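The values are calculated or read from the model by the stated rules, or taken from the named source; none is laboratory data. Small disclaimer: the values here were computed from a predicted structure and weren't measured. Cβ placement follows ideal geometry from the backbone for every residue including glycine, while neighbour counts extend to all protein chains displayed. Keep in mind that these areas ignore ligands, DNA and RNA; they rest on the heavy atoms of the full protein, side chains included. Shrake-Rupley method; radii C 1.70, N 1.55, O 1.52, S 1.80 Å.
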Amino acid sequence: MEHRNFNLLLATDSYKVSHYKQYPPNTSKVYSYFECRAKNTDYTKSPIERYDKTVFYGLQYILQRYLKGKVVTLEKIREAKEVYQEHFQDDLFNEQGWKYILEKYDGHLPIEIKAVPEGTVIPRGNALFTVESTDPKCYWLTNWVETILVQIWYPITVATNSREQKKILAKYLLQTSGSLKDLEYKLHDFGYRGVSSQESAGIGASAHLVNFKGTDTIAGICVIKKYYGSKDPVSGFSVPAAEHSTITAWGKDHEREAFEHIVRQFPSVPVSIVSDSYDIYNACENIWGKDLRALIETRSPDAPLIIRPDSGDPLQTVLKIVEGMKRHRWSIENIGFGSGGALLQKLTRDKLNCCFKCSYVVTNGLGVNVFKDPVADPNKRSKKGRLSLHKTPEGDFVTLEEGKGDLEEYGADLLHTVFRNGLILKTYTFDEVRDNAKLKDSELDKSE
């Protein structure tokens, strides 16, 4: 079982352990939602930093790995009781509530989660998924799982950031070649060593692969294969490549021999050779441009040499090498980019203002629309009531509050039930995710 050694009863913020005692007496339902809050656009930032839209991705991973099936056992209840007794120095743990879930639902979680399809590109400020308890005695469970569900901020943010970079690459590729051929290989993931854990590597790399197909973070391919699946055997690709150790091991006076040896080792596939161990300009102008030119010219178009600079200001270095690609009528087809820590790690939950808020409760049999509206920060005002997501006749997304979606003014709710009482009811293949997230014609900047 996926979560055999994982204890959901210990996977929440400490203060939530006492919340079952804090809701109003006779509460029988708690309903909450997740969104990337809308924020006043800051036009002092570059377009890539504005993030008007987000890519919804990663909920299926969390559901499959941590929430489906029997997640409550007597052993886990005992473990949690002991930990919390020591942690709080008091008996605050809701042992009775968890035993009820174990006995009545065989340890399956009595909650329902509705979500927008994975890969959907959606303006900030819309509900992306909702969570509600399905048993009156388990009203407290809705916000218990907030902690683990909100960790979806990470794949959402990686996928969103990656897609914004794809837009920029698409713009210049179109302008300089008239085609988007091989766009999905223009930003390669080198972030494996730059993330905080193996799990981060898998989640983050898979989120980047929503938009691209180049990666050296193999963990992402494994996550996709196990939790999403696709028609292709793998969802990401790489090529043989040098690192500094395989160049410098030859000694400074033998850089040319190192280059030639590696090129000859891989005659029929693309090969990437880091060329800045000593002097990137000498390497390009003399070693590659003169000494080994004839050897490189014999390679087939399917087995190009990729020269990798790896130091200095990327803009200055790349532009000095190609002397301003667009200005000198060089196509972006001739260049590719790689990204490491900034692609998978230099991100926080605040970048897209991801949050989970309660918007509806049932107390004494009456439904109540609830919200927060902090006087010191209007941006943190939350939504009210039961929510639904719709498309307007103009094709825009709109989140309806206070149960108004039942009127079906804009048609069916786009939030689909994906999880109910421990069962995953709807899944998406990675092919579907990629198709939902693909760039639309209206997003392609064709201006010169």
- prompt: Only one residue in K380, K372, K404, K440 is basic (K, R), closer than 30 Å to G178 by Cα and open to solvent by 40 Å² or more (accessible area, probe 1.4 Å). Which one?
  reply: K440
- request: Identify the residue in the stretch 332-369 that is hydroxyl-bearing (S, T, Y) and open to solvent by less than 30 Å² (accessible area, probe 1.4 Å) and, among all such residues, is nearest to Y51 (Cα to Cα).
  value: S339
- prompt: Filtering the stretch 192-204 down to residues that are out of contact with any Ser or Thr (no Cβ under 6 Å at 6 or more places or on another chain), among the small types (G, A, S) and touching a residue at least 60 places away in the same chain (Cβ under 8 Å), which residue is surrounded by the fewest Cβ atoms within 10 Å (Cβ to Cβ)?
  reply: S196
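So that you can scan it fast, the table gives a plain yes or no per residue for (1) open to solvent by less than 20 Å² (accessible area, probe 1.4 Å); (2) within 19 Å of T427 (Cβ to Cβ); (3) not small (G, A, S):
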residue: Y105; (1), (2), (3): no, no, yes
residue: E112; (1), (2), (3): no, yes, yes
residue: A115; (1), (2), (3): yes, yes, no
residue: R124; (1), (2), (3): no, no, yes
residue: T130; (1), (2), (3): yes, yes, yes
residue: T142; (1), (2), (3): yes, no, yes
task: Out of the residues in the stretch 281-295 that are open to solvent by less than 40 Å² (accessible area, probe 1.4 Å) and of a type outside the set (G, A, S), state the one that is nearest to S268 (Cα to Cα).
output: L295
field: Candidates A249, A207, A241, filtered to the one that is crowded, with 20+ Cβ neighbours inside 10 Å and small (G, A, S)
entry: A207
task: For R434, state whether it is basic (K, R) and open to solvent by less than 60 Å² (accessible area, probe 1.4 Å).
output: yes
- request: Could you grab me the full set of residues in the stretch 66-92 that are open to solvent by 70 Å² or more (accessible area, probe 1.4 Å), closer than 17 Å to S18 by Cβ and not in a helix (DSSP H, G or I)?
  value: Q89, D90, D91
- prompt: For the subset of the stretch 380-418 comprising residues that are touching a Pro at 6+ places or on another chain (Cβ under 9 Å) and in a loop (DSSP other than H, G, I, E, B), which member is modelled with the highest pLDDT?
  reply: L414
- request: State which residue is nearest to D435 (Cα to Cα) when the search covers only the stretch 194-242 and only residues that are assigned to a helix (DSSP H, G or I) and touching an Asp or Glu at 6+ places or on another chain (Cβ under 6 Å).
  value: H208
- request: Return yes when V375 is of a type in the set (A, V, I, L, M), in contact with an Asp or Glu (Cβ under 9 Å, 6 or more places away or on another chain) and outside any strand (DSSP E or B) and no when it is not.
  value: no
field: Exclusive hit being buried (at least 23 other Cβ atoms within 10 Å of the Cβ) and in contact (Cβ under 8 Å) with a residue 40 or more places away in the chain, set I168, I156
entry: I156
query: Quick check: anything in the stretch 423-430 under 22 Å from Q165 (Cβ atoms), touching a residue at least 40 places away in the same chain (Cβ under 8 Å), open to solvent by 90 Å² or more (accessible area, probe 1.4 Å) and not in a helix (DSSP H, G or I)?
result: no
- prompt: Name the residues in the stretch 298-322 that are assigned to a loop (DSSP other than H, G, I, E, B), at pLDDT 90 or above, open to solvent by 50 Å² or more (accessible area, probe 1.4 Å) and within 13 Å of I273 (Cβ to Cβ), would you?
  reply: P304
